[in-house]
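The structure appears right after this line, and notes come after that.
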Amino acid sequence: MNKPIFLLRNPYERSILRFLLTSITVAVFMSSILFAQDSADRRSSPPADDGYGSLYIVTAVALAVWIVISAYLIWIDRKLARLEKELRQGK
Amino acid sequence: MKWFDRITHSIHILMPLAIIMAFLWAPPADILGESSRILYFHVPLAWVAVFAFAVSGVLSILYLSSKNETKRDTFDAYAHHSAVLGLLFTLMAVITGSIWARISWGSFWNWDPRETSIVIVLLIYLAYLSLRAVIPEPNRKGRIGAAYLIIAMSVVPFFVFLVPRIYESLHPDTIINAERTVHLAPQMRATLIVSVCAFTALYGRLLFLQGRVSSLAQRIEEIYDE
């Protein structure tokens, strides 16, 4: 039987890949901070919209995003439960 | 772990409740206005990050002190997952904080003592990931990783609670302040409490799912190796 893709790389290859990924993450993070510190420009920012209309829109967007995340978590939960059951039954 | 599973399922109710309370129920803060609503996401994210780092440290102590091989593996896996989640929540706290800083102070990043200290905390935990990544042997990886997480846990309070109080900071007084008083209106306080509970439950849910994924991956690997 073929091995799943995540089991194919040997531990040394995996450790090098993970190390590279972490280094790239640090580089991206520090670069974004250096970029963000030069973003000061108070006058160009638009005035804050204090109307309730925009609050309803923000709430709707936040709820929509949460529904997607929530559905994804439930899907993972069910998939894991199925896999655990299959392993218990020795399939 | 059934009870833990059931409790963390509360996110499906708590999170929408926190969103609705944050945007539609809680009043805006006096000086900061509507932008102050980011408080209900920024503060819980920062709280969960510190909590996750503390959990990873405690699990590392249990890993090093335990003699049961199965329990040790579980403690090691959960300590690692908690540190990764702490890192993720810290990153989100930094992003929400930067957005708030842009609105209040005019720039996304100002090298304020609180911003600088949180970057150091992030680098400490990113270094932990690098450290774990370069050790392929599981036992050594577990032992060295656990020792690192315990040391990291002991320095986090210094960077999160002490450094911003030693130096002058633009950051508003935190919930845990020198006056020991929460400067929030009752509605704002209730919203913050619901939001903190929602994000803590989200952390618990993600930790539980990650633990199950790694346990399954390990069992599948064992089956293929047989």
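The values are calculated or read from the model by the stated rules, or taken from the named source; none is laboratory data. Keep in mind that this is a model prediction, so the values were computed, not measured. Quick reminder, even Gly has a Cβ in these numbers, built from the backbone with ideal geometry, and neighbours come from all protein chains shown.
Would you check if there is a residue in segment B:61-70 being in contact (Cβ under 8 Å) with a residue 40 or more places away in the chain, of a type in the set (A, V, I, L, M) and under 30 Å from B:Arg143 (Cβ atoms)? Yes, that holds for at least one residue. For segment B:27-44, filtering for residues that are more than 11 Å from chain A (Cβ to nearest Cβ) and buried (at least 16 other Cβ atoms within 10 Å of the Cβ) leaves 5. Selection of segment B:117-152 for residues being modelled with pLDDT under 90 and touching a His at 6+ places or on another chain (Cβ under 8 Å) yields only B:Arg132. Residues in segment B:213-226 that are farther than 14 Å from B:Asp73 by Cβ and charged (D, E, K, R) were compared, and the one that is farthest from the other protein chains (Cβ to nearest Cβ) is B:Glu226. The condition of being at pLDDT 75 or above, over 21 Å from the mean Cα position of the chain (by Cα) and within 7 Å of chain B (Cβ to nearest Cβ) holds for only one of A:Leu7, A:Leu63, A:Leu83, that being A:Leu83.
Please work out if B:Ile31 is more than 16 Å from B:Tyr125 (Cβ to Cβ) and in contact (Cβ under 8 Å) with a residue 24 or more places away in the chain. No: the conditions fail for B:Ile31.
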